[in-house]
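The values are calculated or read from the model by the stated rules, or taken from the named source; none is laboratory data. In this text the structure is predicted, and so the values were computed from the model without any measurement. Don't worry about glycine lacking a Cβ; one is built from the backbone with ideal geometry, like all the others, and counts go over all protein chains shown. The area values use the complete protein model at the heavy-atom level, side chains included, leaving out ligands, DNA and RNA. Shrake-Rupley method; radii C 1.70, N 1.55, O 1.52, S 1.80 Å.
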Amino acid sequence: MGVFVSFLSGAVRLGTTFLYGSTGETLTEKSGHLNLGIPGIMCFGALGGCIGVSMVGSVPVLTVLVAIIFSFCFAGLLGLLYSFLTVTLRCNQNVTGLTITTFGVGCTNHFISQVNTSSFSRASTHFTNLFTFHENLGWFGELFLSYGIMVYLAIAIAILASLFLTKTKKGLYLRAVGENPATADAAGISVTAYRYVATIIGSGIAGLGGLFYIMDYLTGSWEYTIDAMGWLSIALVIFTVWKPNFGILGSFLFGGLYILANYVAVSFAMMNILKMIPFFVTIVVLIVTSIVGKKETQPPASLGLNYFREER
Amino acid sequence: MEKQTALELKGISKYFGSVVANKNVNLSVFKNEILSLLGENGSGKTTLMNMISGIYFPDEGQIFIDGEEVIIRSPKDAFKYKIGMIHQHFKLVDVFSAAENVVLGIDDGEKYNIKQVNSRVREIAEKYGFEIDPQKKIHEMSVSEKQTVEIIKVLYRGADILILDEPTAVLTPQEIKKLFGVLRKMREDGKSIIIITHKLNEVMEISDRVAILRKGEYIGTVNTAETNEKQLTEMMVGKKVELKIERVKTDFDRPLLELRDLIIKKDDGSTAIDGVNFYIRGGEILGVAGVAGCGQKELCEAIAGLRKLESGFIMHKGESIVGLPPKEIIKKGIAMSFIPEDRLGMGLVPSFSITDNMMLKTYGEGKSPFVNRKSARERANGLIERLEIVTPSTETPVRRLSGGNVQKVLVGREIESSPNVIVTAYPVRGLDINSSYAIYDILNEQKKNGVGILFIGEDLDVMLALCDKIMVLCHGKNMGIVHAEKTTKEQLGLMMTGALDLNEQKKDKVFGKAKDSNLTEEQWSAAEERAEAEKEFKEKSDD
């Protein structure tokens with residue numbers, strides 16, 4: 001029982017990283033932007049957050065707040081760059097995305113060495129402990145209340161994003177932009193504005209995933225594995241058929257599959273194969289949805305395509 | 001009653017690069033009126049309407065609404081002035097419901113309440129006599145239902161001026177009747193309606209006045225009650241222009257390519273070619289006339305083996321080529337060059353050089369795994385010399401050449417493979433006079449060599465001068481095949497718009513079936529029986 005609960009809570013904690021990434025990427029993709037820069041953007045978000053922590057690391061609440069704001073802004077900046085390249089300069093989205101990934105990862109790896117990381121493990125306690133009373137509640141406490149603030153924030157953001165997309169006018173417009181920008185344009189919706197804003201906010205949210213991964217999941221020790229989390233987040237978007245509310249459970253499932261190897265006694269080679277399961281599952285989902293062919297489970301129709309009004 | 005002007009255009013011009021889309025157009029629409037906008041392909045009707053609805057911005061001229069000058073920079077501005085356009089290609093989001101599409105882009109400050117929208121959509125539908133389920137998803141709808149959604153979309157926004165771009169092109173006669181009923185109700189309701197159509201009988205039936213455009217220029221407006229189809233056609237196509245295109249006299253051979261009972265569908269499932277028969281002899285140029293989107297593209301693709309036939313036969317020298325892969329069809333000597341609107345599309349790779357483009361159709365020859373660029377370069381050089389293609393070298397990407405030279409490369413390469421049938425669609429599209437003549441010369445030379453040519457064209461004057469026979473398509477149907485020497489531009493115009501159907505005039509004659517066919521009647525009927533049996537077999541195995 002104890003092992004099982006700790007496995008589940010571990011899955012939730014790692015899954016939260018994916019949840020940030022996939023919620024951000026879903027919002028971006030709903031606007032028609034296939035942003036393959038997410039791994040780089042998550043690295044950049046982590047870098048921004050870490051710079052924030054190194055500045056005000058000793059003050060509990062302020063640390064978290066500043067780290068989140070820094071992380072969001074750093075990641076959003078790359079989102080802005082992506083939008084500028086694809087919307088304003090009409091660059092190819094795939095190439096731009098991969099460039100952003102390379103740029104973000106490289107930049108982060110370079111600059112993190114300039115950041116004083118000595119205070120991180122102490123600062124990470126501000127992230128990991130939200131409720132202190134969960135220890136008295138047994139397995140229930142560990143499963144539901146043992147997490148840091150950013151886990152709950154991720155779930156809240158995912159639910160809000162889901163409500164935004166399905167229940168608000170702006171959400172409807174955003175989906176229209178991603179499905180058929182010419183139609184949205186003819187209806188008087190600014191395709192440019194929606195794509196910029198959705199990509200910047202989406203990137204910002206994804207960037208928080210990087211911060212969470214370092215400060216909460218790894219409790220303040222820097223690792224060069226954030227970009228791997230980024231790729232899994234993009235896979236998760238497909239897995240959840242572009243629905244942020246599915247993403248909550250989907251991300252925990254991915255988290256569980258990813259850490260499964262640590263809980264079963266297998267050889268080193270087998271461990272790596274187990275870690276591939278999320279990608280395998282994503283391929284299965286892709287195959288199933290394309291066989292079923294329901295319009296509602298397909299990606300936004302103009303995903304990856306740039307829009308230019310006077311093109312004829 | 002004094003008529004009130006709802007919309008007025010003064011001196012509107014629009015250029016795309018060096019192409020003149022509209023030049024000095026003046027137009028006015030009254031309230032309580034249906035105005036038809038008539039014109040040939042590329043006469044700038046849609047461009048003009050796009051300027052009113054804010055998709056394009058005019059280069060010159062003024063727009064007045066209710067007597068006041070306005071500037072329309074975007075579709076949003078157009079809504080502000082209560083202008084709504086129903087595009088030929090529907091602008092709808094497939095995965096959204098009707099109501100969700102209707103509410104797109106409306107910023108009235110109201111809370112988003114889809115139930116309220118649903119009931120308002122139903123209200124509008126009832127008022128004008130539509131039938132619609134607001135919750136139905138667009139991708140589950142038929143074409144006419146989609147059109148209904150488009151119309152409700154602009155009515156929901158309170159549009160007073162409605163523009164419909166070829167609304168009847170995709171509808172069945174019953175649906176057209178219904179649509180016209182709705183339009184009349186709107187007219188009574190005080191709205192102004194502009195309807196673009198090619199069909200003269202519809203113009204006569206629905207409109208109060210007709211405005212005519214020709215080659216981007218405004219020709220005039222006439223009251224429908226005071227005109228007839230003949231006068232409208234004359235205004236639309238203009239007087240015949242004498243062109244000095246040589247029509248080479250050749251001895252016709254037996255039919256090379258015979259097509260019978262063709263039925264071909266478009267991508268969206270609607271019928272593109274509907275039961276068409278025709279044949280091409282060696283040493284003959286058969287022209288195909290028709291307004292845009294009458295199945296020309298689908299016909300080309302079917303002959304080249306790129307599109308499946310629903311049913312029908314394509315016989316090349318008496319042998320069926322239906323179902324053969326494109327490569328086999330090329331081997332048989334059937335070459336196709338299709339110049340689409342954007343001119344580069346089908347046939348050439350824009351970023352490849354002339355040499356590399358030359359190799360695209362011959363890469364399969366030779367045993368070596370390496371490409372033989374040397375011989376391709378020689379052929380490219382020969383082509384450049386013979387057709388006087390202006391290019392810095394054989395290695396310049398085709399995309400950097402001017403339009404005329406690109407088309408010479410394309411047509412030239414098709415000839416290079418010494419085909420016996422050439423299918424060419426719009427080979428002179430967008431070319432200046434000299435380049436056009438160069439292309440005509442190439443075709444005539446091939447004709448002399450006994451090649452059968454299918455020439456799908458736009459300019460009736462050219463077709464009358466160049467072709468031996470002309471087949472006229474109207475909405476996928478063959479309206480008749482006429483000898484170019486014996487016909488007039490007016491007759492072709494009437495046939496293109498569906499006002500004249502030679503099949504009805506000469507009921508005993510079947511157009512497009514050669515008397516000296518390569519196959520005997522028994523062989524044809526045997527082929528038909530075989531196709532029948534195959535179809536039945538397929539249906540059975542599908543169950």
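Annotations for the structure displayed:
- Surface composition of chain A: carbon plus sulfur atoms hold 71% of the accessible area, using a 1.4 angstrom probe and ignoring ligands, DNA and RNA.
- Neighbouring partner chain Cβ atoms per residue of A:293-299, average, 10 Å criterion: 2
- Accessible area that becomes buried as A packs against B, both chains, 1.4 Å probe, Å², nearest 100: 2300 Å²
- Global dimensions of the range A:2-311 from alpha-carbon coordinates: Rg and Dmax equal 19.2, 65 Å.
- Rounded to 10°, Cα long-axis angle of helix B:173-188 versus longest principal axis of chain B: 30 degrees
- When B:57, A:7, A:268 are compared by accessible area at a 1.4 angstrom probe, the order from most to least is A:268, B:57, A:7.
- Euclidean distance of C-alpha centroids, the range A:19-54 and the range B:245-298, integer Å: 55 Å
- By the rule of a C-alpha distance below 16 Å, with chain neighbours fewer than 8 residues away ignored, the aspartates and glutamates paired with residue B:177 are B:131, B:145, B:166, B:202, B:205.
- In the range B:100-139, the GluC sites (Glu not before Pro) that fall in loop regions by DSSP, at most 16 other Cβ within 10 Å: B:110, B:131
- Among the chymotrypsin sites (Phe, Trp or Tyr not before Pro) found in the range A:208-243, those both in a DSSP coil and sparsely packed, with 16 or fewer other Cβ atoms within 10 Å of their Cβ, are A:224.
- Within the listed set A:45, A:21, A:104, the Gaussian network model of chain A (springs between alpha-carbon atoms below 10 Å) gives the highest mean-square fluctuation for A:104.
- Nearest 10 degrees, 0 to 90: helix A:169-179 Cα axis against chain A principal axis: 70 degrees
- Close amide-amide hydrogen proximity is noted between residue A:190 and no other residue 5 or more places distant or on a separate chain, at a cut-off under 5 Å (H modeled in the peptide plane; Pro and chain starts excluded).
- Taking GluC sites (Glu not before Pro) in DSSP loop states with no more than 14 other Cβ atoms inside 10 Å as exposed sites, chain A has its longest site-free stretch at A:1-222.
- Calculated from backbone phi, Karplus (6.51, -1.76, 1.60) coupling profile of the range A:103-110 in Hz, x at Gly/Pro: 4, x, 5, x, 4, 5, 4, 6
- Cα-only Debye scattering, the range A:120-184: base-10 log of I(q)/I(0) at q = 0.19, 0.20, 0.22, 0.23 Å⁻¹: -0.77, -0.80, -0.89, -0.93
- Of all DSSP-defined beta bridges confined to the protein assembly as shown, some 55% are antiparallel rather than parallel.
- Remark on residue B:256: its backbone amide H falls under 5 Å from those of B:280, B:281, B:282, a criterion applied only to residues 5 or more positions apart or on other chains, H modelled at 1.01 Å from N.
- Taking the DSSP beta bridges with both ends in the range B:5-237, the antiparallel portion is around 55 percent.
- Dimensions of the range B:5-237 along the principal axes, based on C-alpha atoms and rounded to the nearest Å, stand at 50, 37, 31, largest first.
- For the range A:168-192, heavy-atom accessible area (probe 1.4 Å) falls by no less than 40 Å² from the chain alone to the full protein assembly at A:169, A:172, A:173, A:179, A:183, A:186, A:187, A:188.
- Along each principal axis, taking the top coordinate minus the bottom one, the Cα set of chain B gives 72, 59, 51 Å in descending order.
- For chain A: accessible area per residue (Å², 1.4 Å): 42 Å²
- When only alpha carbons are used to place a centre, the range B:178-205 and the range B:300-337 end up 41 Å from one another.
- Sites residue A:95 and residue B:248, calculated FRET efficiency, Cβ-Cβ separation with R0 41 Å, nearest 0.05: 0.20
- A cut-off of 5 Å between modelled amide H atoms, ignoring neighbours fewer than 5 places along the same chain, links residue B:353 with B:398.
- For A:92-105, mean number of other protein chain Cβ atoms within 10 Å: 0
- Within chain B, antiparallel bridges make up roughly 55 percent of the DSSP beta bridges whose residues both belong there.
- Among the listed pairs B:447/B:469; B:80/B:111; B:14/B:477; B:137/B:191; B:45/B:230, those beyond 22 Å (Cα-Cα): B:14/B:477; B:137/B:191
- Sparsely packed trypsin sites (Lys or Arg not before Pro) within the range B:253-354, loop by DSSP, other Cβ within 10 Å at most 11: B:308
- Stokes-Einstein D in µm²/s, Kirkwood radius over Cα pairs - the protein assembly as shown at 4 °C with 1.567 mPa s viscosity: 42 µm²/s
- Using the rule -39500 (n - 2.57) for each DSSP H run of four or more residues, divided by the residues of the protein assembly as shown, the 222 nm mean residue ellipticity is -15000 deg cm²/dmol.
- List of the range B:70-90 residues, accessible area with partners at least 40 Å² below that of the chain alone (1.4 Å probe): B:75
- Positive-end ranking of A:66, B:49, B:437 along the dipole of the protein assembly as shown, with charges on Cβ about the Cα centre, is headed by A:66.
- Links that overshoot a 20 Å alpha carbon limit, given the list B:153/B:265; B:10/B:91; B:136/B:199; B:308/B:332; A:243/B:76; B:327/B:361: B:153/B:265; B:10/B:91; B:136/B:199; A:243/B:76
- For the range A:10-17, Karplus couplings with θ = phi - 60° (6.51, -1.76, 1.60), whole Hz, Gly/Pro x: x, 4, 5, 5, 5, x, 4, 4
- Of the residues making up the range B:35-57, those losing 20 Å² or more of accessible area when the isolated chain is joined by the remaining protein chains, with a 1.4 Å probe, are B:55, B:56.
- Average Cα contact separation per residue, chain B, under 8 Å, 6 or more apart, as relative contact order %: 15 percent
- Note on the range A:142-266: dipole from Cβ charges, positive end direction compared against A:239, A:254, A:177; the farthest Cα belongs to A:177.
- The protection proxy used here, the mean number of other Cβ atoms lying within 10 Å of each residue, ranks peptides A:287-294, B:387-394 as follows, highest first: B:387-394, A:287-294.
- Counting only protein heavy atoms and a 1.4 Å probe, chain B has 46 square angstrom of accessible area per residue.
- Backbone geometry of the range A:160-167 corresponds, through the Karplus equation with coefficients 6.51, -1.76 and 1.60 at θ = phi - 60°, to 3J(HN,Hα) couplings of 4, 4, 5, 4, 4, 5, 9, 10 Hz, x marking Gly and Pro.
- The apolar share of the surface of chain B, taken as the fraction of accessible area on carbon and sulfur atoms (1.4 Å probe, ligands and nucleic acids excluded), comes to 47 percent.
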